[in-house]
Amino acid sequence: MNPTVTAALAVGALVVLVAAVALRVADRLGLPSLLLYLAFGVALGESGLGIEFEDFSLAQTLGVAALVVILAEGGLTTRWADVRRAMGPGLSLSTVGVVVSVAATGAVGVWLLDLSWGLALLLAAVVSSTDAAAVFANLRRLPLPRRMVAALEVESGLNDAPVILLVAALADRLTGGEPEPWWITLLLVVGELVGGAAIGLLVGFGGAALLRRVALPLSGFYPLATLALCVLAFASAALLHESGFVAVYLCGLVLGNAQLPHRSASLGFAEGMASLAQIGLFVMLGLLVSPERLPAAVGPALVIGGALLLFARPLSVVTSLVWFRVPWAQQAFISWAGLRGAVPIVLATFPLTADVPGAAFVFDTVFVLVVVFTLIQGGSLPWVARRLGIATPVTPRDVHVESAPLEELDADLMQMTIPPGSRLHGVYLPELRLPEDAALVLIVRDGRSFVPDDTTRLMRGDQALLVSARRSRAQAEQRLRAVSRAGRLAGWRGESGAPGEQD
């Protein structure tokens, strides 16, 4: 085998292993893990171990590929019930909010840094997109109102698309391209977003129907097929000149909320692949930077970052959410939680590949801005939530059921774990009132397996196996969710057990 290939494989494996250890260190220190990955990339680069990597075109391609996987995982792990209530605020933040943020930040760049309007707007557009990986990783660990978190997730999942189109248009204009009238550009942006949404939904619903009806030879194929469908949605949209980022996020959202075989395994696989994509992306971006140029970028980064955090972001949030009933405390948190991460740095490679004058200044400024303000914002989110009085600890009561098809029996095998706080605790099996062709056949409790009977009471932490005729699986799952949320009298309390009803 080629020694270069062997060395590359060894370095790649070591990077992943060290990054995994770094994640544990970051959690203990309270630091965002992406900063350690970036630092690792810088240490491997030209000023560290001497690995030279300056192929910005390749970095842009790999960065986009990583973002596809990250957005797919974000869609797959987002609950539709939360998104449904937050779609309006999220869409407004990712469209109106972007426009307001770019205009306000660009004006500050012209006023305080004496930049040209073109370069100032380009820099503002690059930093205006919130980062899906940072938002998903930080906010899902905090006890916050679900609708607010979902709005931030929708924003981070959808705002990449309009920002990329805006960055491309500004870069083209700065390199001497013939500028389109603003209304044509607006129509193109809207058209691409709508087209990408249509393709993502089509692939998502079509793929879900396919996976439910086709029995794959190995259970491990289901996670691969799920992620492949998300990538297919992106590629299809991009080939048709529509927004691939909107397509991949919505496709993941549809698949993640569909009743698919081995759903939990698919979500776990997607989370692992997204983590791998984040590691590779941040290390690569760390390799790209030239540390000797960074000191000159500190001043502009602090000016632009401060203007974004304290002026442009709050203004964009207030403007975007004026039509929605979002409490002021939550609006303040949304303003503070507009996290930046890999996405702005990847976007900063676009001007470099297009040979835009001042592109190196944009890249260095964005890199320093992301590092500094990730430290400021990421670690302060729990404190800000407490100070604003919006931290709302939630005890999990919903039970998650994973299914696998039994094709020859026209039945499904289901597995569930009873979570802390579930009202399934103490319920006798007959009180579940499952459909006649569904039964709980095995319980694992404290490491011991046994076959239950009518005198068996469920306990928190129990792992249970159920078998149901395929036609009754959905009804059985709804009944289990209803009892988990509202107890044995769930029907009298109006709890239907529909997915995502719980607040």
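The values are calculated or read from the model by the stated rules, or taken from the named source; none is laboratory data. Just so we're clear, the structure is a prediction, and the values are computed from it rather than from any experiment. No Cβ is skipped: glycine too gets one built from the backbone with ideal geometry, and neighbour counts run over all protein chains shown. Ligands, DNA and RNA are excluded from the accessible area calculation, which covers all protein heavy atoms including side chains. Shrake-Rupley method; radii C 1.70, N 1.55, O 1.52, S 1.80 Å.
Worth pointing out:
- Flag for Val246 being under 22 Å from Leu158 (Cβ atoms), open to solvent by less than 50 Å² (accessible area, probe 1.4 Å) and either touching a helix residue (DSSP H, G or I) at 6+ places or on another chain (Cβ under 8 Å) or outside any helix (DSSP H, G or I) (or both): yes
- Those residues of region 419-463 which are among the small types (Gly, Ala, Ser) and touching a residue at least 24 places away in the same chain (Cβ under 8 Å), in sequence order: Gly421, Ser422, Gly426, Ala438, Ala439, Gly461
- Pick from region 330-358, criterion β-branched (Val, Ile, Thr) and assigned to a helix (DSSP H, G or I), ranking: farthest from Ser156 (Cα to Cα): Thr353
- One residue alone among Val370, Val326 is open to solvent by 10 Å² or more (accessible area, probe 1.4 Å) and modelled with pLDDT under 90, and that residue is Val326.
- Residues in region 110-120 that are open to solvent by 50 Å² or more (accessible area, probe 1.4 Å) and either closer than 12 Å to Leu166 by Cβ or free of Cβ contacts under 8 Å to residues at least 24 places away in the same chain (or both): Trp111, Asp114, Ser116, Trp117.
- Subset of region 223-242 (residues that are of a type in the set (S, T, N, Q) and within 17 Å of the chain's Cα centre (by Cα)): Thr226
- Scan of region 409-420 for residues that are part of a loop (DSSP other than H, G, I, E, B), surrounded by fewer than 21 Cβ atoms within 10 Å (Cβ to Cβ) and under 27 Å from the mean Cα position of the chain (by Cα), ordered by number: Pro419, Pro420
- Glu192, sole failed condition from (1) within 30 Å of Leu36 (Cα to Cα); (2) at pLDDT below 90; (3) touching a Leu at 6+ places or on another chain (Cβ under 8 Å): (1)
- Members of region 289-326 that are over 25 Å from Gln60 (Cβ atoms) and either without any contact (Cβ under 8 Å) to a residue 60 or more places away in the chain or among the charged types (D, E, K, R) (or both): Pro295, Gly299, Gly306, Leu310, Arg313, Pro314, Val318, Val322, Arg325
- Close Cβ contacts (under 7 Å, 6 or more residues apart or on different chains) running from residues in region 220-240 that are more than 14 Å from Leu250 (Cα to Cα) to residues that are open to solvent by 60 Å² or more (accessible area, probe 1.4 Å) and not polar (S, T, N, Q) comprise Pro223/Phe269.
- Residue within region 484-491 that is at pLDDT 85 or above and either under 30 Å from the mean Cα position of the chain (by Cα) or not in a strand (DSSP E or B) (or both) present: yes
- Look at (1) part of a helix (DSSP H, G or I); (2) touching a residue at least 24 places away in the same chain (Cβ under 8 Å); (3) open to solvent by less than 10 Å² (accessible area, probe 1.4 Å) and you find that Ser129 fails only one, number (1).
- For region 426-471, taking the residues that are hydroxyl-bearing (Ser, Thr, Tyr) and in a strand (DSSP E or B), the one that is surrounded by the most Cβ atoms within 10 Å (Cβ to Cβ) is identified as Ser468.
- For Gly41: the one exception among (1) at pLDDT 80 or above; (2) open to solvent by 20 Å² or more (accessible area, probe 1.4 Å): (2)
- Condition check for Met87: under 18 Å from the mean Cα position of the chain (by Cα), in contact (Cβ under 8 Å) with a residue 60 or more places away in the chain and surrounded by fewer than 23 Cβ atoms within 10 Å (Cβ to Cβ): yes
- Residue identified as exposed (fewer than 15 other Cβ atoms within 10 Å of the Cβ), over 26 Å from Asn138 (Cα atoms), of a type in the set (A, V, I, L, M) and modelled with pLDDT under 85 among Ala8, Ala20: Ala8
- Checked against (1) of a type outside the set (A, V, I, L, M, F, W, C); (2) in a helix (DSSP H, G or I); (3) touching an Asp or Glu at 6+ places or on another chain (Cβ under 6 Å), Thr185 passes all but a single condition, namely (3).
- Subset of region 283-314 [among the basic types (Lys, Arg) and crowded, with 22+ Cβ neighbours inside 10 Å]: Arg313
- Exactly one residue out of Gly272, Gly268, Gly280, Gly252 is open to solvent by less than 30 Å² (accessible area, probe 1.4 Å) and in a helix (DSSP H, G or I): that is Gly252.
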